[in-house]
């Protein structure tokens, strides 16, 4: 038999009951959700920074990074809302390599999905309770969303998942901002079809249930660059790209036109040190067109404690084991620079 059923895992309700978020932090989380929603509806002029490691690889380093972010957030709170990336599911281009904490809570040990589900819930809960941040995660597996649904402040759907029906319909049942990345081909119509679907209501099968959703008006675009037919990375964050994205929003008649610019991946050609420059260029475009300024809500930035990336067995504390990330000193400087430009 080609598929071995190892063990039946607890349903989300059971994991939530065992590792609950306290009532006091539930209230704080709702307040933070409302603050973030106002940015995407245009009621708030703050900029969003969805920032953190390419993948969360170890709890201690991720929490140290988030605590550092909390200190910076206090200094820029009038202009910027920081949403830390705690990405616990890692898509792999060819299916191999580290797939995130949900698979391996310890990257040096064997996969353990039960321990993984518990670990990612405890990490997201720690972030809220210790720093007051609501955090972001990528929805790689739609059926796993419910394990974190009461903790997450933001959800991203990746370039390889954006055309998938189950991802789109699951997002339509969320009440938090959800970003749809353009596909790796760069075809914006795919991304906008996904946004349209997720802003609409649906009835479908989910985790063995027949469910009905009312649509998510906070679903929006993430521009992450693309790869052409020759395998070359090309950006889509320039002035003309942003204007084209705005016109797509107008033509589709979608509510709450919003864009997050991913400063790494194909936009930087995975040259992680280019991220601060890309931010500056986008902000320059915002100053030259009122509709672009209104539409661009913020940036998605890959950043960690130490510059670059490493192999798992190298063991450098706070250095990415997947895509290269901007180190802490450069990150802190960039955030203050962004605040100065707003």
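Each value in this text was obtained by applying a stated rule to the coordinates, not by laboratory testing. Because the structure is predicted, anything quoted here is derived from the model rather than measured. Backbone-built Cβ (ideal geometry, glycine too); neighbour counts: all protein chains shown.
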Original post:
According to a simple spin-label model (label point 7 Å from Cα along Cα-to-Cβ), what is the distance in nm between residue 193 and residue 17?
Top reply: 4.2
**OP:** Output the direction-averaged projected area (hull surface divided by four) of the convex hull of the alpha-carbon atoms of segment 1-42, in nm².
**Re:** 5.6
**OP:** Report the paramagnetic label zone for residue 227: residues of segment 250-282 whose backbone N is under 13 Å from a point 7 Å from Cα along the Cα-to-Cβ axis.
**Re:** 265-267, 269-270
**OP:** Determine the relative contact order of segment 271-335: mean sequence separation of Cα pairs under 8 Å and six or more apart, normalised by residue count, in whole percent.
**Re:** 30
Original post:
Which whole-number percentage describes the relative contact order of segment 24-341, with Cα contacts under 8 Å and a sequence gap of 6 or more?
Top reply: 17
Original post:
Say we join alpha carbon atoms closer than 10 Å with springs in a Gaussian network model of the chain; which of 268, 22, 149 then has the biggest fluctuation?
Top reply: 22
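Please list the equivalent ellipsoid semi-axes of segment 147-233, computed as the square roots of five times the alpha-carbon gyration tensor eigenvalues, in descending order and whole angstrom.
Working: eigenvalues 123, 34, 26 Å².
Over the Cα atoms of segment 147-233, the semi-axes work out to 25, 13, 11 Å.
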Original post:
Which of 83, 259, 227 moves the most in a Gaussian network model of the chain with Cα springs under 10 Å?
Top reply: 227
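Would you mind calculating the relative contact order of segment 52-121 from Cα pairs under 8 angstrom and at least 6 residues apart, reporting the percent as a whole number? Working shown, then result.
Details: 82 pairs, mean separation 20.6, N = 70.
Once divided by the residue count of segment 52-121, the mean separation gives 29 percent.
Going by average Cβ density within 10 Å per residue, which order do the peptides 58-66, 312-320, 106-114 take, highest to lowest?
Values: 58-66: 19.0, 312-320: 14.3, 106-114: 12.6.
Highest mean packing first, the order is 58-66, 312-320, 106-114.
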Subject >> Least to most buried among 328, 209 (fewest other Cβ within 10 Å first) >> reply: 209, 328
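So if each residue of separation counts as 0.36 nm, and I subtract the Cα-Cα distance between residue 340 and residue 289, what length gain in nm does that give?
That works out to 16.4 nm of additional length.
Considering only DSSP beta bridges with both partners in segment 24-341, what is the antiparallel share in %, to the nearest 5? It would help to have the intermediate numbers written out before the result.
Details: 8 of 40 bridges.
In segment 24-341, approximately 20 percent of DSSP beta bridges are antiparallel ones.
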Subject >> Chain lengthening between residue 71 and residue 111 when straightened (0.36 nm per residue, less Cα-Cα) >> reply: 11.0 nm
Original post:
Using r as the Cβ-Cβ distance of residue 238 and residue 329, and R0 as 30 Å, what FRET efficiency do you calculate, to the nearest 0.05?
Top reply: 0.60
**OP:** Subtract the Cα-Cα distance of residue 79 and residue 166 from 0.36 nm times their separation in residues, and report this length gain in nm to one decimal.
**Re:** 27.8 nm
